[in-house]
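Peer 1: Got a structure for you, written out below as structure tokens; questions coming shortly.
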Amino acid sequence: MDLNQLKSFVTVAYHRNLTQAAERLHLSQPAVSAQIKAIESQVGTALFHRNSSGMTLTRAGEILLPEAESLLQHKHKLDSFAESLAENYTQEAQLGLIHPVNAEKVTELTRLLSHSAPDIHLHIQYGMSGEILSRILAGQIHSGFYLGNANTRSVRSIFLENIHYSLICPQSEAAAIQSNLPRSLEDYIWIEMSGVSSSNKHVQQFWRSNRLSPKRQIICDYPQTIIDLVSTGIGVAMVPSDKAENAIASGKPLHVIEQLRQTLPLHFTYLDEYEQNPTVQWLKRSVLTTWQLPSSV
């Protein structure tokens with residue numbers, strides 16, 4: 001039983017689908033299937049129930065999974081240690097950041113990271129939640145922030161706080177919109193982020209729950225531009241409350257529709273198999289300190 005076989009076993013267990021696991025591992029489906037069969041042959045029992053809807057763990061598979069996960073975690077820890085032995089070794093840390101995270105928190109976190117480990121090269125990558133999660137799953141970044149719930153078994157998520165969202169409209173349209181909520185919202189252009197963002201999924205849920213079918217949308221992936229477009233009278237949008245409040249305080253002609261405030265959970269996420277990776281542990285400690293959460297989380 002080698003590490004590649006264990007990696008395939010864990011990935012299939014997470015995805016419950018051989019095709020998806022093969023794509024995640026960048027292997028052919030027959031290759032992954034052969035690795036699973038090799039492990040089952042070695043342990044002497046089936047590890048998966050196979051049916052038309054996918055693959056689920058047997059009792060033996062459930063017992064083996066945490067042991068395999070632990071071994072992969074130790075492997076990543078050993079890989080990091082081995083890399084540090086190189087003569088010209090430079091430790092790097094990649095952190096995925098999303099726009100809804102409060103700017104003051106970002107500044108505080110960056111300051112803490114740079115002071116606690118000045119020799120580590122920190123690379124902060126901005127993106128939308130879906131993009132950050134994809135980079136984490138692909139092993140392109142160590143960890144990142146995710147808005148909403150990352151319902152992926154291979155990813156560990158630590159709840160940090162609820163991000164409050166406000167529905168904003170042009171100040172000149174506030175009375176007209178308020179007069180017939182929520183139906184009046186269908187008459188306006190909705191300015192939203194693209195589908196890979198959690199906020200877009202949240203807006204779609206908002207429409208469904210209020211039985212709305214907006215006739216026109218504008219896709220814009222830059223939060224400040226969304227606020228600017230609303231302030232010029234182009235449409236309405238759901239944006240982080242702190243950004244809406246800052247815009248109003250700066251003189252933007254905006255109105256917050258108080259009845260329709262929403263919240264989304266903000267999480268710090270990383271691959272389960274990176275649990276013992278020193279870089280991930282350093283990033284995790286720093287995030288918990290910044291959000292004033294106990295280290296035992």
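The values are calculated or read from the model by the stated rules, or taken from the named source; none is laboratory data. The shown structure was predicted, so the numbers you read here are calculated from the model rather than taken from an experiment. Don't worry about glycine lacking a Cβ; one is built from the backbone with ideal geometry, like all the others, and counts go over all protein chains shown. To get the accessible areas, we keep the full protein, side chains included, count just its heavy atoms, and leave off ligands, DNA and RNA. Shrake-Rupley method; radii C 1.70, N 1.55, O 1.52, S 1.80 Å.
Peer 1: Only four residue types carry charge here, +1 at the Cβ of Lys and Arg and -1 at the Cβ of Asp and Glu. Report the dipole size of region 161-271 about the Cα centre in Debye, rounded to the nearest 20.
Peer 2: The dipole magnitude comes to about 340 debye.
Peer 1: Follow-up question, since we're still on this one. If you put +1 on each Lys and Arg Cβ and -1 on each Asp and Glu Cβ, how big is the dipole of the chain around its Cα centre, in Debye rounded to 20?
Peer 2: With only Lys, Arg, Asp and Glu charged at Cβ, the dipole is about 800 debye.
Peer 1: For the chain, the longest stretch holding no trypsin sites (Lys or Arg not before Pro) located in a DSSP loop with at most 16 other Cβ atoms within 10 Å is which?
Peer 2: 17-152
Peer 1: Would you mind checking the radius of gyration and Dmax of region 148-282 based on alpha-carbon positions, in Å?
Peer 2: 17.1, 56
Peer 1: Given Cβ point charges of +1 (Lys, Arg) and -1 (Asp, Glu) and nothing else, what value in debye, to the nearest 20, does the dipole of region 1-101 about its Cα centre take?
Peer 2: That gives a dipole near 460 debye.
Peer 1: Separate question: Express the C-alpha Rg of the chain as a ratio against the empirical globular expectation 2.2 N^0.38 Å, rounded to two decimals.
Peer 2: In units of the 2.2 N^0.38 Å rule of thumb, it is 1.20.
Peer 1: Taking the Cβ of residue 131 as the centre, find all other residues whose Cβ is under 14 Å away and add up their charges (Lys, Arg: +1; Asp, Glu: -1).
Peer 2: Charge balance near residue 131 sits at +1.
Peer 1: May I ask you to order 144-150, 248-254 by the average number of other C-beta atoms within 10 Å around their residues, highest value first?
Peer 2: 144-150, 248-254
Peer 1: So what is the 222 nm mean residue ellipticity for the chain from helices alone, if each DSSP H run of at least 4 adds -39500 (n - 2.57) and you divide by all residues, rounding to the nearest 500 deg cm²/dmol?
Peer 2: Helix contribution divided over all residues of the chain: -14000 deg cm²/dmol.
Peer 1: Any idea how many Lys pairs in the chain come in under 25 angstrom at the alpha carbon, given 8 or more places apart or on separate chains?
Peer 2: Count of close lysine pairs: 14.
Peer 1: Taking the Cβ of residue 270 as the center, what net charge do the other residues with Cβ under 13 Å away carry, scoring Lys and Arg +1 and Asp and Glu -1?
Peer 2: Net local charge, residue 270 excluded: +1.
Peer 1: Okay, moving on. Over the chain, average the accessible area per residue using a 1.4 Å probe and give it in Å², no decimals.
Peer 2: Value returned for the chain: 50 Å² of accessible area per residue.
Peer 1: Computing the accessible area with a 1.4 Å probe over protein heavy atoms, can you report the carbon and sulfur percentage for the chain?
Peer 2: Summing carbon and sulfur atoms, their accessible area is 49 percent of the total for the chain.
Peer 1: Give the shape of region 77-163 as rounded, prolate or oblate, defined through the alpha-carbon gyration tensor: a ≥ b ≥ c are the square roots of its eigenvalues, a/c under 1.5 means rounded, and otherwise the shape is prolate if a/b is larger than b/c and oblate if not.
Peer 2: oblate
Peer 1: Report the extension gain between residue 82 and residue 261 in nm, rounded to one decimal, defined as 0.36 nm multiplied by the number of residues separating them, less their alpha carbon distance.
Peer 2: 59.5 nm
Peer 1: Just name one of 76, 43, 132: the one whose Cα is farthest towards the positive end of the charge dipole of region 36-153 (beta-carbon charges, Lys/Arg +1, Asp/Glu -1).
Peer 2: Checking the options against the dipole of region 36-153, the answer is 43.
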